[in-house]
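Peer 1: My structure is below; once you've seen it, I'll send some questions.
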Amino acid sequence: MSSGLSGMVKSKYLQYYTSTRLMKHTLTANARSSWRIRTQYKKTNAETEGLKLKQKEHCEAYTEALSAANQVVLYQAKHMHECCQSMKGTRQPSRWNTFVKKETEHINNGMSKEEQIVATEENTGLIKETHKMKAFTPQNVMINVFHDTEKTLKSIDKALMKFHSRTGLEFLFLSVKKDSEHWNQPHIFHTDLGVQGDAVAPTRINHMYYVNFNNNITAKYGVVIENWPLPKFCAPRDVSSRNELHVLFHSWQSNTTRFCKLTPKEFEKWKTNHFNRDCEAPASNVQPNGDASTDPPSPSGPDTSGKNAQASRRSHHADTFSVCPPARNIRLAQAKV
């Protein structure tokens, strides 16, 4: 009976062992495949362009935020630098400084002129090399570059201003940083000629419109141009004749041609006349690009009553006029009305 049970156990064990070995062999013999399969989705052209636009907007927003942070850091650095300079006091002379000065004077007084030359001749070249190295050796620390640049630019500005006062020459001086690691901001120095201009409108305009001046400038800001000397109102770069360009330049320089800020009553009258003229204008006066004709805008529209009315209006609003060369963009600030 016992031998029968032991034989049955042995047969069951051999059967289990054989099936386990067979299963292991089957699993290791076949190549293993991934248990998860995902179908690759191909994006359309519109989706690709949308992703590119989204990435571009993200980069622009990040750049703007980084620039704003740099401005804050630069402001705080300048403020700390000014505070530290104002708080720094003078140090009292030490006994060592007194001893060195006394011994130097004693040695110097005990030597003749020839002995002084012989004693210092050897180190004169070394001092010259040291001065040259300080003048031309590049700075390795950004804070040193920042302070060196600020100090040098201030000295250049002062020297140019003194030279301008002595000779009357005009200067335009620009400095920009070489790469983004530099801390200095762009610096500009200029004298008066070609840079100063009086403001005539209550805001700032970053771009000068010569085409459709009425809608882009006058209708928004109430600014018109008086006594335009050329037959066609256009940008100076579009003037092909040297004589016409010469006439235009001297007209601005002599204050004959000028920008003028309209009073509220004149502005309302101008808008009424401009609206009526647009409604009654024939189709032949419209340019192919949809803009109106490029005639220079007048202060009171087509109903201007001659030179006397223009002269009286000039005398009444003389404080609002300003000379503003057309070669530059108009910079408009608070009007004097």
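Peer 1: Tell me the Kirkwood hydrodynamic radius of region 49-145 in angstroms, computed as one over the mean inverse distance between distinct C-alpha pairs.
Peer 2: Numbers: mean 1/r = 0.0494 Å⁻¹.
About 20.3 Å, per the Kirkwood formula over Cα pairs.
Peer 1: Classify region 104-149 as rounded, prolate or oblate, taking a ≥ b ≥ c as the square roots of the eigenvalues of its Cα gyration tensor: rounded when a/c is under 1.5, otherwise prolate if a/b is larger than b/c and oblate if not. Working shown, then result.
Peer 2: Numbers: a/c = 5.82, a/b = 2.77, b/c = 2.10.
Prolate.
Peer 1: Something else about it: Just need the relative contact order of region 140-196 here, percent rounded to a whole number, with Cα pairs under 8 Å and 6+ apart.
Peer 2: On the way: 46 pairs, mean separation 19.9, N = 57.
Result for region 140-196 is 35 percent.
Peer 1: Rank the residues W270, W183 as a footprinting-exposure proxy: fewest other Cβ atoms within 10 Å of their Cβ go first. Present the calculation step by step, with values, prior to reporting the outcome.
Peer 2: Values: W270 22, W183 18.
Least to most surrounded, the residues fall as W183, W270.
Peer 1: Could I ask something else about it? For H246 and A77, what is the calculated FRET efficiency with R₀ set at 45 Å and r taken between the beta-carbons, to the nearest 0.05?
Peer 2: On the way: r = 50 Å, r/R0 = 1.10.
Once the sixth-power term is evaluated, E becomes 0.35.
Peer 1: Same structure, new question: Given R₀ = 41 Å, FRET efficiency for K271-E170 by Cβ-Cβ distance, to 0.05? Each step should come with its number before you reach the end.
Peer 2: Details: r = 40 Å, r/R0 = 0.99.
Once rounded, the FRET efficiency stands at 0.50.
Peer 1: Something else now. Would you pull out the residues with amide H under 5 Å of R258's amide H, same chain only if 5 or more places away, H placed 1.01 Å from N?
Peer 2: Placed amide hydrogens put E226 under 5 Å from R258.
Peer 1: Mind ranking 254-262, 224-232 by how tightly packed they are, going by the mean number of other C-beta atoms within 10 angstrom, highest first? Numbers along the way, then the final one.
Peer 2: Values: 254-262: 19.2, 224-232: 16.1.
Highest-to-lowest ranking by the protection proxy: 254-262, 224-232.
Peer 1: Can I ask one more? For region 40-98, which GluC sites (Glu not before Pro) are both in a DSSP coil and crowded by at most 12 other Cβ atoms within 10 Å?
Peer 2: The qualifying sites: there are none.
Peer 1: Quick one: of K113/K154; K134/K162; K132/K158, which pairs are farther than 30 Å apart, Cα to Cα? Walk me through the numbers before you get to the answer.
Peer 2: Working: K113/K154 40 Å; K134/K162 26 Å; K132/K158 24 Å.
The answer is K113/K154.
Peer 1: Let me ask you something else. For K78, list the aspartates and glutamates whose Cα falls under 12 Å from its own Cα; do not include residues on the same chain fewer than 8 positions away.
Peer 2: E150
No lab work stands behind these numbers, since they all come straight from the coordinates. Just so we're clear, the structure is a prediction, and the values are computed from it rather than from any experiment. Here Cβ is always computed from backbone atoms with ideal geometry, including for glycine, and neighbour counts include all displayed protein chains.
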